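**Student:** Starting off with a structure, shown below.
The values are calculated or read from the model by the stated rules, or taken from the named source; none is laboratory data. Keep in mind the model is a prediction, meaning the values are calculated, not measured. Don't worry about glycine lacking a Cβ; one is built from the backbone with ideal geometry, like all the others, and counts go over all protein chains shown. Side chains are part of the model used for accessible areas, which takes the heavy atoms of the whole protein and leaves out ligands, DNA and RNA. Shrake-Rupley method; radii C 1.70, N 1.55, O 1.52, S 1.80 Å.
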Amino acid sequence: MLKLIKWLVIITLSFIVFCNVWIVGSTHSGIIEDSRELLGAEVGLVFGTSQHQVNGESNPFFKHRVQSAKQLLKSGKVERLILSGSKDSIYYDEAEAMKAALVDQGIAPEALILDKYGNRTLESVARLRDVYGYNQCILITQEYHAYRCLFIAEKMGLHAQCYVAKTPDKKAHLWALLRELLARTKAVMDLYILSDVTN
């Protein structure tokens with residue numbers, strides 16, 4: 001029994017490593033840190049996250065994604081932004097929070113499309129293609145998340161690049177980085193084993 005458990009652990013860890021190496025290795029060329037290197041697209045997709053941390057302080061991931069989205073819109077790299085996130089109640093609406101932050105910084109509401117059903121990365125990308133009808137885009141998120149976003153987009157047949165928003169101090173957000181290792185594994189399972197979302 002112990003030998004079986006040992007082999008199950010080895011297989012599981014090996015699969016996690018395989019998925020992460022595959023995702024990062026196959027997408028790194030499309031991860032862009034300098035906006036001047038972006039080809040440009042009609043639309044940018046901003047992935048939602050909470051505006052505030054659990055302790056009530058502002059969330060730097062949210063702040064930097066909004067800043068990067070504003071930069072791309074102002075520089076003409078994208079014409080419009082899709083703000084995609086989850087909405088649990090009238091008190092928690094990631095898309096509305098991003099819209100409010102961008103409008104406060106001078107962005108016209110007409111340039112913003114709110115997608116309130118982007119409850120996870122895969123759904124946000126699928127809705128970009130299937131609901132809004134785009135097959136080319138610039139994805140906007142932090143680097144640790146960018147590889148998975150681009151991997152999903154490419155599997156769905158989208159022509160995409162991912163513009164990297166500033167990542168907060170990695171030591172302070174180690175849990176988010178570790179969780180992403182499992183999220184990448186789940187993405188491979190969703191796309192290749194469990195889901196028909198790419199059809």
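**Student:** State which residue pairs qualify: first residue farther than 26 Å from M189 by Cβ and inside region 148-170, second residue of a type in the set (V, I, T) in any location, beta carbons under 6 Å apart, and separation of 6 or more residues or different chains.
**Tutor:** Y163/I32; Y163/I138; Y163/I140
**Student:** Here is a follow-up. Could you list, ordered by first residue, the pairs with Cβ atoms under 9 Å in which the first is in region 104-132 and on the phi > 0 side of the Ramachandran plot and free of Cβ contacts under 8 Å to residues at least 40 places away in the same chain and the second is part of a helix (DSSP H, G or I) and open to solvent by 20 Å² or more (accessible area, probe 1.4 Å), at least 6 apart or interchain?
**Tutor:** Qualifying pairs under 9 Å: G106/K70; G106/K74.
**Student:** Moving on to the next point. I need the full set of residues from region 92-113 which are open to solvent by less than 30 Å² (accessible area, probe 1.4 Å), in a helix (DSSP H, G or I) and within 16 Å of G48 (Cα to Cα), in order please. Explain how you work it out, then say what you get.
**Tutor:** Taking region 92-113 first, the residues open to solvent by less than 30 Å² (accessible area, probe 1.4 Å) are 93-95, 97-98, 101-102, 107, 111-113.
This time we only want the ones that are in a helix (DSSP H, G or I), so: 94-95, 97-98, 101-102, 111.
Once the filter is applied, which keeps residues that are open to solvent by less than 30 Å² (accessible area, probe 1.4 Å), in a helix (DSSP H, G or I) and within 16 Å of G48 (Cα to Cα), region 92-113 yields E94, A95, A97, M98, A101, L102.
**Student:** Restricting to region 117-152, give me the number of residues that are in a loop (DSSP other than H, G, I, E, B) and charged (D, E, K, R).
**Tutor:** So in region 117-152, the residues in a loop (DSSP other than H, G, I, E, B) come out as 117-120, 131-135.
After this cut, where a residue has to be charged (D, E, K, R) as well, the list is 120.
Of the residues in region 117-152, 1 are in a loop (DSSP other than H, G, I, E, B) and charged (D, E, K, R).
**Student:** Given the criterion in contact with a strand residue (DSSP E or B) (Cβ under 6 Å, 6 or more places away or on another chain), touching a residue at least 60 places away in the same chain (Cβ under 8 Å) and part of a strand (DSSP E or B), identify the matching residue among L83, L45. Full working, then the answer.
**Tutor:** Values: L83 fails: touching a residue at least 60 places away in the same chain (Cβ under 8 Å).
Sole residue among the options that is in contact with a strand residue (DSSP E or B) (Cβ under 6 Å, 6 or more places away or on another chain), touching a residue at least 60 places away in the same chain (Cβ under 8 Å) and part of a strand (DSSP E or B): L45.
**Student:** With S26, S58, S89 as the choices, which residue is polar (S, T, N, Q), closer than 17 Å to L114 by Cα and open to solvent by 30 Å² or more (accessible area, probe 1.4 Å)?
**Tutor:** Numbers: S26 fails: closer than 17 Å to L114 by Cα; S58 fails: closer than 17 Å to L114 by Cα.
Just one listed residue meets the conditions, S89.
**Student:** Let me ask something else about it. Can we say Y132 is at pLDDT 95 or above, under 20 Å from E96 (Cβ atoms) and open to solvent by 50 Å² or more (accessible area, probe 1.4 Å)?
**Tutor:** Details: at pLDDT 95 or above: yes; under 20 Å from E96 (Cβ atoms): yes; open to solvent by 50 Å² or more (accessible area, probe 1.4 Å): yes.
Yes; evaluated as a whole, the condition is true for this residue.
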